[in-house]
Amino acid sequence: MSMIFGVPLAVLAGQLLIGVINGAFYALLSLGLAVIFGLLKIINFAHGAMYMLGAMSTVILFDALGINYWVALFVAPLLVGAFGVVIEYFLLRRIAGQDHIYSLLLTFGVALLIGGVLTNIYGVSGLRYSMPDVFQGGMKLGFMFLPYYRVWVIVLALLICFGTWFMIEKTKLGAYLRAGTEDSQLMQGFGINVPLLISLTYGFGVMLAAFAGVLAAPIYSVTPVMGSHILITVFAVVVIGGMGSIGGAIITGILMGVIEGLTKTFYPPASSAVIFLVMVVVLMFRPSGLFGKEA
Amino acid sequence: MSEQYVLETRNLVKEFKGFVAVDDVNLKIRKGHIHALIGPNGAGKTTVFNLLTKFLIPTRGQILFKGKDITPLKSAAIARRGIVRSFQISAVFPHMTALENIRVALQTAENNSYSFWKSGASLNKLNQRCMELLDSVGLAEFANTTTVELAYGRKRALELATTLAMEPELLLLDEPTQGMGGEDVDSVVELVRKAAQGRTVLMVEHNLSVVSKLCDRITVLAQGAVLTEGEYGEVSADPRVREVYMGTAKDKAPAEQEATQ
Amino acid sequence: EISNDTVKIGYLADMSGTYRDLAGPNGLAALEMAIADFGGKVNGAKIEVVSADDRNSPDVASSTVRRWLENENVDMVAGLVASSVSIAVSDILQENDKLGIVSGSAASSITNEHCTPNHIHYVYDTYPLANGTASAVVKEGGKTWYILTADYAFGHALEGDVRRVVEANGGEIIGTLRHPFPTPDFSSFILQAQASGADVVALANAGSDTTNAINTASEFGVTQSGQTLAALLLFLTDVHALGVEAAQGIQLTTGWYWDMNEETRAWADRFMEKTGVRPTMVHAGIYSSTMQYLKAVDATDSDAAQVVRKQMMETPINDMFAKNGRIREDGRMVHDMYLAEVKTPAESKGEWDLYDIVRTIPAEEAFRPLSESKCPLVTSK
Amino acid sequence: MTQPVNQAEIQKAILEQQNADNRKKMILNGVLLLLLLAAPFAMYPVFLMKILCFALFAVAFNLLFGFTGLLSFGHAAFLATGSYTTGYLLSNYSGLTTELGIIAGTAVATALGLAFALLSIRRQGIYFAMVTLALSQLVFFFFVQSEFTGGEDGMHGIPRGKLFGLINLDDNYNMYYFVLAVFLGCYLLVQRIVSSPYGQILKAIKQNEPRAISLGYNVNRYKVLAFVISAALAGLAGSMKSVVFQLASLNDAHWHMSGEVILMTLVGGMGTLLGPVVGATFVVNIEYQLSQGPLRDWVDPILGGIFVLTVLAFRSGIVGEIQKFVKKNLG
Amino acid sequence: MSRGPGGEYEQLRVSGLHAFYGESHILHGIDMVVHRGELVTLLGRNGAGRSTTLKAVMNMVGRRTGSIMINGEETMACAPHHIARLGVGYCPEHRGIFSALNVQENLTLPPVVRSGGMSLEEIYTMFPNLYERRFSQGTKLSGGEQQMLAMARILRTGANMLLLDEITEGLAPVIVEKLGDVLIKLKNKGLTIVLVEQNFHFAAPLADRHYVVQHGQIVEEISADELEAKQSLLNDYLGV
Ligand SMILES: Nc1ncnc2c1ncn2[C@@H]1O[C@H](COP(=O)(O)OP(=O)(O)OP(=O)(O)O)[C@@H](O)[C@H]1O
Ligand SMILES: Nc1ncnc2c1ncn2[C@@H]1O[C@H](COP(=O)(O)OP(=O)(O)OP(=O)(O)O)[C@@H](O)[C@H]1O
Ligand SMILES: [Mg+2]
Ligand SMILES: [Mg+2]
């Protein structure tokens, strides 16, 4: 069997595929973050918490009301999205126009609140959630065994990413959003209900995170802390892609998934640090990220 | 001998992604002149300023200051050589007092701007000079006022005073009277006239009455290129200039020239 | 005699972080149960409890414990989960010559390099974990091993112990992989483990890393493809979170299981009334160790660290937690450990009916023999 | 033009203003000093030292954030570098007197600070924050991997040793007054820096960078210097901390620590001198008191609530709000 | 009832308008009326409060008291985004070009509020620069080009009352001239225009009436025909 740096080609192929899948997952998470920062200039440190809420609510909806995965796929993100709107309306709105740092502090506080409360109710060892039967098993690709669920994840994630990108970059609504965040007062002067727009945007952003949460529920251990681990990584993705660049977030997400995957093969201990190395290097040469507009 | 020219540009070009904003511009600014750069909107005036001060990097061409090539220098270095600009929108340090604003400029001459161990009092020796400069623009009484609280016109005056504090040999003014009306304009004209003593000034200005009152020489830019150059009389007489810039202002003295359109 | 007529116990544990569930608030409940069962008084002296969250931070822990010992004359510190915390606290205990009982930590170094005459390590450590599981699995024919190791002290220690045991029993380690802590997604690592073709995939990690790995392993059909999955540190709460669906068949070593006999069940029922969940081995250990401590205080009518420790060492432990357990001079409490196998969905008759006890590992076999000890208390002899 | 005014008078007024401010500063410093001198008799010394260390850390951070306008999200790296270096040296070279160990720790942190600065200083706003974060994550990775840090278990039993080989620091009171002296020294230094000629330039850069450039200032150099000083002080804080607690752990290097110092600064009041000190005291206290009390399981949510409240209700921080109040009501 | 004494339709009636920015009290009781098809200017020195008056009409200032009627409808209670829907087009003092959008997007951004606005073609023929630069980032335009864009933008919406703040600022005379013609065209189309101008010489020949603002109050109302008579008075107010 042919080798690369002592790694069988077959294994490498598998790793790449896995990388792309995790990448799609990062893309979905960083997309929400990019939408929220790019359009609202809010540094959403509650993003991890929202991802966690998405997963937790999927499990809780099932345990409490017997709501199954398919329904949860819609209901959970909507619930979390609504929650996001509430947060925007009652908290974030009051610090509109203030320095980034305040939104960071505020959302970080919110994240601590949510995480802490849930920890006290559900503990940290995780909630049980079993995978829908249709996804049991997987396909044998010769070089690896690919669970059906991972296929589902990548397809769905990419669809949503593209849809979001199109809505923001190519539609009138998107234009309103982009402009409204620069000078909301003037936009209102043009007759556009910016406050509503902003609430909905934030709601939508966290909805994406929650959606990723639902996708994660069957495969990762669902705990109140699951979000805080992934938060910083996702931030790195957004920065490398260029803060606020929607397309950038998506492409970089996948890219990072692959790079991380390769690191996991060649030097596993560094797999959590490599993304930051990439970030430093990228920002050396492109001050506003791979796809960011020059500041 | 190019010594009589403080500033020269040779075939200066700036392109933005294919779009040529400044197209092969050759400027010659005489020592001691007040030189105006006029031209329709988007002609490239501000861009030229940005190139001269290195806020933008020229695509091609040379910039000579007192005969020396300064094209490779950085913004800060150029400022220290004695080319200082004022901005199209007034640039001040909003949360410092008027006096402190000037003092920051004066500190460039001192060599204490890195000494973080010295006490603030060590700057007081500059106050005298600050006051003189403030007085020269009629802001002495506002010395201790925080700059945000100054009215628009006064901010511009302060900015000018700050610029003067640098003892620049060449002063670049981008639309110094913009957004001003009535007597404010006149006062700025007076300021510039004062400032120009013993200096060279290059200014962009759309208010033709100001140009006609102040400037010794005028260069007209259009679509990035030099259209013509000369004294106000010649330039304003030039039909091309009228067509692209002044408009159908018939044979009228500049002063009342805007008064009736 | 007992200092200022009170025996004061400080309970220090992670109350809000990653280790919350294996000791945490319920550990305090266990401690209080012990005191209540003991009668609330010892030799007429009243028993007080103070408690704090160590936030998994040695700073917080040490400033808390310092104040307890130096200003609030606490006599004994219980709980102690994160190894960084336990080691930091043991230093302070020695300075002030007070007693500490470590129930939650896994690091075997606590009674080895880091041993002091002022603390006892009660429930388990990495040595028996590796010992129990590894030797058993090798004996069942798992000859070639691939180890997924959490890339920090605990993981490295566990990996080392496993390597020793496996090779001692004629097995072979054909690959190890050190993954960052924590790792949200294990698919890449599991894939490499599968590619290695090893008989056994061992997990030298803990908490959410372990549960994530097991989840992914079952998703990628590790067991179906004929490999054995061995988790070296798995708590009841983890298995409960995984569910028998994903965890079935996994072999693991535990110091105690609630459903072993009448005695354990009886206590577990009382515990459940109080807390709503079944106890982990740590909870049981906290109860047992506190009892042992109070008995010693009672017998010696003293709360001086050395006196009590000596007494605790001299009296063998026979309660619902351990039979013939004893505390060695290095502070290690040695007792029988158990090799358990997670039940299949078919076998499991309830939320908490999770383990089959496959084999009992005798105390002397389970723990690191004193002959190998680096503890000054032992070597200086 | 306005009627001629007497310049001399105005200048006098300005100077008097300055003196008045200085007097105010003196009085404030005096009060602070007295409080701190008396504190150990009222409160537990080790705990006080913890507060001082974090206060110093926050002061260092605020020099960069509050006074230069640079948000570093990687200051934990310097704290940790300071504490690990000092810890390692003191544990392994018994000949070393404590102060030397501390100086060494600070030096290494300073060097690291320079490296960080050179790599990050050209980045603007949020990108600057993120580069510093990334770099500190790499440093964290290094500490996790290296043997000498003891990884997760951390570094323990660091000897406090003798100051100048004379004063025994195992005595909490000696230790406290040593920490206090260092803290006050740094506090005054920062106070000086802010009002120094250099401080003026920093102020200017913070308020209008392009203008500062056009006046001929090479702003990046000034920023780098500010960053390095800040890193040095942060490192010093770490070194002191490792000596006080006799341990160094990964918590110091974790990004949460970088976050915590931001919180301390904001809660206390960024851009004010006393703010970070008050903020640190407040946050450390709250966290500590809560983790002891009946609410110990609820520390995180309560902290979260406090941050939310801070941002919504008093954004300029405790000190900032007080200053506002004073300005408004007492002229 | 929205019919003034003269019987002409009252497009805008401001009475007793006070406005505040936080603590500072800027407008002290503005009273003015603008009839349909009129072009009215607000003259005054820097800081007099003219821009603020327009902002107040758009409900863009901190706090307001008094009354603002648009088409006879009281709007003090209206949310900002409802005002435009009443057919009001606002061109702000500092242009408000969006950097996130290119020139064309900027142009087409404001929603059309009424029929009869100008088409893109008409606009581009009026401002060739904009056509030339239509795909470059809005804020990359020159100062003057941005000014044109800001003006052109609202001509598209078909608003029938325009509030224009310093639209000639920084424009070359030739463009200023062109703008003059545009305003006359618009006026002839029956649009109502409130013009804030520094450049009196530009405003004078266009306007039907002038309001002079000082310290947040209307201190003088001058109709076009009185202009000669009151010229000197005006010069005092404006300090020309
Ligand atoms: N950063 C840039 N990127 C792309 N195009 C630019 C940029 N800056 C300026 N331009 C274009 O270059 C041309 C010249 O701009 P400049 O600002 O120099 O004009 P100007 O002469 O100052 O006009 P005005 O008198 O209106 O200020 C304009 O067409 C403008 O759109
Ligand atoms: N956002 C604001 N906050 C506080 N005060 C303001 C604000 N905007 C304007 N002001 C003040 O309100 C007063 C009136 O401002 P306004 O812009 O209406 O003047 P103006 O008549 O438009 O003059 P110009 O626009 O030529 O400066 C000025 O004193 C100005 O300082
Ligand atoms: Mg310009
Ligand atoms: Mg205005």
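For the condition part of a helix (DSSP H, G or I) and surrounded by fewer than 20 Cβ atoms within 10 Å (Cβ to Cβ), B:Ala105 does not qualify. The strands (runs of 3 or more DSSP E) located wholly in the range B:1-94 that include 2 or more residues which are away from ligand 2 (no atom under 16 Å from the Cβ), farther than 22 Å from B:Gly230 by Cα and touching a residue at least 24 places away in the same chain (Cβ under 8 Å) occupy B:5-16, B:19-25, B:60-65, B:83-86. The set of residues in the range E:198-211 being at pLDDT 85 or above, surrounded by 19 or more Cβ atoms within 10 Å (Cβ to Cβ) and within 12 Å of another protein chain (Cβ to nearest Cβ) consists of E:Phe202, E:Ala203, E:Ala204, E:Leu206. Is it the case, given these coordinates, that B:Lys155 is modelled with pLDDT under 90, of a type in the set (Lys, Arg) and more than 29 Å from B:Leu64 (Cβ to Cβ)? When the stated conditions are applied, B:Lys155 passes them.
Scan the range E:42-78 for residues that are within 13 Å of ligand 4 (Cβ to nearest atom) and either of a type outside the set (Gly, Ala, Ser) or assigned to a helix (DSSP H, G or I) (or both) and the total you get is 13. Annotation: E:Glu73 fulfils all but one of (1) within 16 Å of ligand 2 (Cβ to nearest atom); (2) touching a helix residue (DSSP H, G or I) at 6+ places or on another chain (Cβ under 8 Å); the unmet one is (1).
The residues listed here are E:His94, E:His81; of these, the one that is at the interface with another protein chain (Cβ under 9 Å from one of its Cβ atoms) and part of a loop (DSSP other than H, G, I, E, B) is E:His94. Scan the range B:169-192 for residues that are without any contact (Cβ under 8 Å) to a residue 24 or more places away in the chain and away from ligand 2 (no atom under 15 Å from the Cβ) and the total you get is 2. Of the numbered criteria (1) within 16 Å of ligand 3 (Cβ to nearest atom); (2) under 14 Å from the mean Cα position of the chain (by Cα), the one B:Ala195 fails is (1). A residue that is buried (at least 24 other Cβ atoms within 10 Å of the Cβ), within 15 Å of the chain's Cα centre (by Cα) and part of a helix (DSSP H, G or I) cannot be found anywhere in the range A:85-108.
Among residues of the range A:9-21 that are at the interface with another protein chain (Cβ under 7 Å from one of its Cβ atoms), those with a beta-carbon under 7 Å from a residue that is of a type in the set (D, E, K, R) at least six positions away or on a different chain give the pairs A:Gln15/A:Lys264.
State the number of residues belonging to the range C:341-374 that are within 15 Å of the chain's Cα centre (by Cα) and farther than 23 Å from C:Thr315 by Cβ. Total satisfying the criteria: 0.
Set side by side, the residues D:Thr272, D:Thr265 differ, and just one is under 29 Å from D:Met26 (Cα atoms), of a type in the set (S, T, N, Q) and assigned to a helix (DSSP H, G or I), which is D:Thr265.
C:Thr176 falls short on exactly one of the conditions (1) within 28 Å of C:Asp353 (Cα to Cα); (2) more than 9 Å from chain A (Cβ to nearest Cβ); (3) not in a helix (DSSP H, G or I), and that condition is (1). Annotation note: Cβ proximity below 7 Å between a residue of the range D:114-136 that is within 8 Å of another protein chain (Cβ to nearest Cβ) and crowded, with 19+ Cβ neighbours inside 10 Å and a residue that is polar (S, T, N, Q) and not in a helix (DSSP H, G or I) (sequence gap 6+ or interchain) occurs for D:Tyr127/A:Ser288. Screening the candidates A:Ala210, A:Ala179 for the property of being crowded, with 22+ Cβ neighbours inside 10 Å, assigned to a helix (DSSP H, G or I) and touching a residue at least 24 places away in the same chain (Cβ under 8 Å) yields one hit, A:Ala210. Just the residues that are among the basic types (Lys, Arg) and either within 24 Å of the chain's Cα centre (by Cα) or in a helix (DSSP H, G or I) (or both), please, taken from the range C:9-54. The one that is among the basic types (Lys, Arg) and either within 24 Å of the chain's Cα centre (by Cα) or in a helix (DSSP H, G or I) (or both): C:Arg20.
Going by the structure shown, is D:Gly157 modelled with pLDDT under 90, touching a helix residue (DSSP H, G or I) at 6+ places or on another chain (Cβ under 7 Å), of a type outside the set (Asp, Glu) and more than 19 Å from D:Thr68 (Cα to Cα)? When the stated conditions are applied, D:Gly157 passes them. Reported count of residues in the range D:115-138, each being under 13 Å from A:Thr233 (Cα atoms) and either of a type in the set (Phe, Trp, Tyr) or not in a helix (DSSP H, G or I) (or both), is 0.
Once the range A:54-69 is narrowed to residues that are touching a Leu at 6+ places or on another chain (Cβ under 9 Å) and among the hydroxyl-bearing types (Ser, Thr, Tyr), the residue that is surrounded by the most Cβ atoms within 10 Å (Cβ to Cβ) is A:Thr58. Per the listing D:Gly275, D:Gly271, the residue uniquely within 14 Å of chain B (Cβ to nearest Cβ), touching a residue at least 40 places away in the same chain (Cβ under 8 Å) and among the small types (Gly, Ala, Ser) is D:Gly271. Out of the residues in the range C:90-135 meeting the condition of being part of a loop (DSSP other than H, G, I, E, B) and aliphatic (A, V, I, L, M), tell me which one is nearest to the other protein chains (Cβ to nearest Cβ). Of everything passing the filter in the range C:90-135, C:Ala107 is nearest to the other protein chains (Cβ to nearest Cβ). All told, C:Met333 meets the bar of being of a type outside the set (Val, Ile, Thr), part of a strand (DSSP E or B) and closer than 29 Å to C:Asp353 by Cα.
Can you confirm whether the range E:187-201 contains a residue that is within 16 Å of ligand 1 (Cβ to nearest atom), in contact (Cβ under 8 Å) with a residue 40 or more places away in the chain and of a type outside the set (Lys, Arg)? Checking the range E:187-201: not a single residue is within 16 Å of ligand 1 (Cβ to nearest atom), in contact (Cβ under 8 Å) with a residue 40 or more places away in the chain and of a type outside the set (Lys, Arg).
Any chance the range D:304-325 includes a residue that's facing another protein chain (nearest Cβ under 10 Å), crowded, with 18+ Cβ neighbours inside 10 Å, out of contact with any Phe, Trp or Tyr (no Cβ under 8 Å at 6 or more places or on another chain) and not in a helix (DSSP H, G or I)? Within the range D:304-325 (the criterion being facing another protein chain (nearest Cβ under 10 Å), crowded, with 18+ Cβ neighbours inside 10 Å, out of contact with any Phe, Trp or Tyr (no Cβ under 8 Å at 6 or more places or on another chain) and not in a helix (DSSP H, G or I)), the answer is no, since none of the residues qualifies. Of these, B:Ile38, B:Ile34, B:Ile29, which one is within 16 Å of ligand 3 (Cβ to nearest atom) and either away from every other protein chain (no Cβ under 12 Å) or under 20 Å from the mean Cα position of the chain (by Cα) (or both)? Within the list B:Ile38, B:Ile34, B:Ile29, the selection yields B:Ile38.
Scan the range B:106-120 and tell me whether some residue there is acidic (Asp, Glu) and modelled with pLDDT of 90 or more. No, the range B:106-120 contains no residue that is acidic (Asp, Glu) and modelled with pLDDT of 90 or more. One residue stands out among those in the range E:76-111 that are buried (at least 20 other Cβ atoms within 10 Å of the Cβ) and within 16 Å of ligand 2 (Cβ to nearest atom): the one that is modelled with the lowest pLDDT, which is E:Arg95. Taking residues in the range E:145-159 that are within 16 Å of ligand 3 (Cβ to nearest atom), and partners anywhere that are of a type in the set (Gly, Ala, Ser), the pairs with Cβ atoms closer than 7 Å and at least 6 places apart or on different chains are E:Glu145/B:Gly42; E:Gln147/E:Gly170; E:Leu149/E:Gly138; E:Ala150/E:Gly96.
The values are calculated or read from the model by the stated rules, or taken from the named source; none is laboratory data. Note that this is a predicted model, so its numbers are computed, not measured. Every residue, glycine among them, receives a Cβ derived from its backbone with ideal geometry; neighbour counts consider all protein chains shown.
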